[in-house]
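S.K.: Here it is, the structure, as structure tokens.
Read-outs: derived from the displayed coordinates by stated rules, not from any lab. Remember, predicted model here, so these are calculated numbers, not experimental data. Note that each Cβ is placed from the backbone with ideal geometry, even for glycine, and that neighbours are counted across all protein chains shown.
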Amino acid sequence: MRRAEIERLARRHGISPTRPSPDNREVAISSDTKRKLLSALKVDLSAAADRETAGTRQEPKPTLKEIPRSYLPDFLSGTRVWGISLQLYELRSARNWGIGDFEDLSTMTGLAGSLGADFIGLNPLHAPFLADPDRCSPYEPSSRQHLNPLHIAVDKVPGFAGNADLERQLQRLRQTELVDYAGVARTKLQALRDLWPEWRARAATDKTYDPQDFDAFVAQGGDSLRRHALFECLSLSMTARGAGAGWQKWPSDFQRADSAAVAEFERKHEDDVRFHMWLQWLAHQQLMQAAARALKAGMRIGLYLDLAVGEAVDGSATWSEPEVYISGATVGSPPDPFAVDGQDWHLAGYLPSMIASRETSPFRRLVSAAMRYAGAIRIDHAPALRRLFLVPLGASPQGGGYVRYPQDRLLQILAETSAEHRCLVIGEALGMIPEDLPDDLAAARILSYRILSYEQDDHGFKPAAAYPILALACISTHDHQTLAGWWRGADIQDRRDHGIVPPNLIEKHLEHRKRERRRLKAALRAAGFGLPKRLDARASREALRQLTVSAYRFIARTPSLLVAVRLADLTDEKNPTNIPGTSDSYPNWKPKLSVSLEDMMSSPLVQRVTEAMRKERPQNRMARERIGSRRILNR
């Protein structure tokens, strides 16, 4: 195909002609890149360039008179609230099985509610690879439409009875500093497998775990649930045979969900498939319980769930519905100053032509799957509502490009589903984003995501009053060090130690951090907060605690509707949750908190920061109770 035809097809299918560079220049992408991206979008390049092709034509952007607006609770028109954000797996307790579970979450909602919080923010709870538990990133799940059974509180399932051998295993799993995902999966799945036949034979004595509810859940889940459960069975079987958990390495006759070999496997493993449906139901029931307990604890928002931007290329989702996913390219990000080679996140994304198609579109099903439990969801990488950066297979991110998505239709779906579920929407849009995207998201009543260290301009840290109202403000996220770690420059040292940033840039980053420390102190003092006299990079632990309290008081005074307090800040964690850009060199998504749930209230920063939040963002107790009761009735 001639170059001019490639260019026309690229424009028609929303492929941007340029990408950014680390020095903020626009670099033209090659015809070869455009050809690869067109192929990834399933455009039939062998057909005539001016004909409709098998890849479906990118529709022109509709001209709407008014951007659809997502749900916003009435009570937020007169108050500002705060909550606690955490990674569910990181919770320690005397009863869990080495990983935070839904019962721990229920306990945490009671604790947070008693402290005056209005929500609990969580990492994605999407389904992982049960057959390969160490693939544990919640942002690279096997399926976003199903839940993680490793969070099931097995001891709360009817019929469970422990024994001394099991308790010894659990003690070992509880005592590790990192989540032993393989050990947790092995122990939980065996215990649940033992409970499965007993549960089926039991009379309906517990309304939470009523067999009729299970049957209704299976019926409602339809082919999506059945295929996910079937994938789990196949994945475990293939792993035992040495073929691996992901479908791309399976024998060819098992790589399609609709093959005769898969149908025969399903006939022979009907009970196993039903068992994995049951696991999804148990997770669903326990997460619903946690959501209800959050509201009963007085939280006006309740659970706030995170939605990953994509899925594993070889997981349940792409195996179950290959027709709706991009093939031949993965989601990533272009080169930037903090990742000069760009990033390939190795995630599968929806086809732009399929993401919003039909009444039960993939995007509608995706957001509904999270909103059914939540009073708020956060869309990770919200620029994906307009565009995704795709990296062709076998290419580096420098050989990638942006592809346009049907933003207006996606915003319409968000508005409709958020109203249906009474769930507000937060959009994380950081880094290289289209200049007018924040305005579009604000017009759609999607809260922006404001991180303290990012809220700077040429004059220093922005004053609290400069933060937008329609926003969630926080100090750090799972991709950052705690405030104390940021202050010490631990994140910069991590990027050096793991080879993420060239050594010649490290000194520049350290010098820049010195300026940032001075600027943050200036902003806090200008806001009227006292600071310790010695507050340099080697400040004492107590000085950093005072800094943390002052910083949280600062963001609490912003006009932003929501503020999230990171639990890792309150427990003074030294190890980061995740170091972006690493894989094997750091145990991402595995570090547990250093403080257990039972000892949480003894942590000095828990008391001091939450007291500051209550003073800066006091609750109206009677209004909170009325709203909580109404939300429970509408579940």
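S.K.: Residue farthest toward the positive end of the dipole of segment 321-456, with Cβ of Lys/Arg at +1 and Asp/Glu at -1: which of 325, 401, 363?
M.R.: Checking the options against the dipole of segment 321-456, the answer is 363.
S.K.: While we're looking at this one, here's another question. Evaluate the relative contact order of segment 306-373 (contact order divided by residue number), counting alpha-carbon pairs under 8 angstrom at least 6 apart; express in whole percent.
M.R.: 30 percent
S.K.: Mind checking which lysines have their C-alpha under 19 Å from residue 590, skipping anything on the same chain fewer than 8 residues away?
M.R.: 188, 574
S.K.: For segment 177-184, just list the computed ³J(HN,Hα) in residue order, Karplus coefficients 6.51, -1.76 and 1.60, θ = phi - 60°, integers in Hz, with x standing in for Gly and Pro.
M.R.: 6, 10, 5, 8, 4, 5, x, 4
S.K.: Report, in debye and to the nearest 20, how large the dipole of the chain comes out about its Cα centre when Lys and Arg carry +1 and Asp and Glu carry -1 on their Cβ.
M.R.: Working: 88 positive and 78 negative charges, 397 e Å.
So the dipole magnitude of the chain works out to roughly 1900 debye.
S.K.: Take the alpha carbon gyration tensor of segment 289-417, find the square roots of its eigenvalues, order them as a ≥ b ≥ c, and report rounded if a/c is under 1.5; if not, report prolate when a/b exceeds b/c, else oblate. The partial results should precede the final answer.
M.R.: Values: a/c = 2.12, a/b = 1.66, b/c = 1.27.
In terms of gyration-tensor shape, prolate.
S.K.: By the scheme Lys and Arg +1, Asp and Glu -1, what is the net charge of all other residues having a beta-carbon under 10 Å from that of residue 310?
M.R.: Values: positive: 144; negative: 140, 311, 380.
Charge balance in the 10 Å sphere: -2.
S.K.: Would you mind calculating the relative contact order of segment 127-297 from Cα pairs under 8 angstrom and at least 6 residues apart, reporting the percent as a whole number? Provide the component values of the computation, followed by the final result.
M.R.: On the way: 136 pairs, mean separation 47.7, N = 171.
Normalised by residue count, the contact order of segment 127-297 is 28 percent.
S.K.: When ranked by the protection proxy of mean other Cβ atoms within 10 Å per residue, highest first, what sequence do the peptides 344-356, 310-322, 497-509 form? Working shown, then result.
M.R.: On the way: 344-356: 20.9, 310-322: 24.7, 497-509: 13.6.
Order by mean packing, descending: 310-322, 344-356, 497-509.
S.K.: By average Cβ neighbour count within 10 Å, what is the ranking of 68-77, 157-166 from highest down?
M.R.: Working: 68-77: 16.2, 157-166: 12.2.
With the highest mean Cβ count within 10 Å placed first, the list reads 68-77, 157-166.
S.K.: Okay, next question. Find the centroid of the Cα atoms in segment 117-157 and in segment 488-533, then give the distance between the two in whole Å.
M.R.: Value for the Cα centre distance between the two parts: 33 Å.
S.K.: Put +1 on the Cβ of every Lys and Arg and -1 on every Asp and Glu Cβ in the chain; which of 481, 512, 582 then has its Cα farthest towards the positive end of the dipole?
M.R.: The residue sitting most towards the positive pole is 512.
S.K.: Sticking with this one: Apply the a/c threshold of 1.5 to the C-alpha gyration tensor of segment 423-546 and tell me whether it is rounded, prolate or oblate. Walk me through the numbers on the way to the answer.
M.R.: Details: a/c = 2.04, a/b = 1.36, b/c = 1.50.
Oblate, since a/c reaches 1.5 and b/c is not below a/b.
S.K.: Moving to a separate point now. Out of the DSSP beta bridges found with both residues in the chain, what percent are antiparallel (nearest 5)? Don't skip to the answer; put the middle values down first.
M.R.: Values: 24 of 54 bridges.
Within the chain, antiparallel bridges account for around 45 percent of the total.
S.K.: OK, next. For the chain, what is the relative contact order in percent, using Cα pairs closer than 8 Å and at least 6 residues apart in sequence?
M.R.: Numbers: 1128 pairs, mean separation 120.9, N = 635.
Over the chain, the number comes to 19 percent.
S.K.: For segment 227-276 and segment 410-430, what is the separation of their C-alpha centers, rounded to whole Å?
M.R.: Computed from Cα coordinates, the inter-centre distance equals 34 Å.
S.K.: I want the local charge near residue 97. Using Cβ-Cβ distances under 13 Å, sum +1 for each Lys or Arg and -1 for each Asp or Glu among the other residues. Numbers along the way, then the final one.
M.R.: Working: positive: 92, 95, 156, 168, 172, 174, 186, 188, 592; negative: 101, 103, 104, 155, 167, 180.
So the environment of residue 97 carries a net charge of +3.
S.K.: While we're on this one: What net charge is computed for the residues neighbouring residue 535, neighbours being all others with C-beta under 9 Å from the C-beta of residue 535, Lys and Arg scored +1, Asp and Glu -1? Write out the running numbers ahead of the final one.
M.R.: Numbers: positive: 517, 521, 533, 534; negative: 536.
Charge balance near residue 535 sits at +3.
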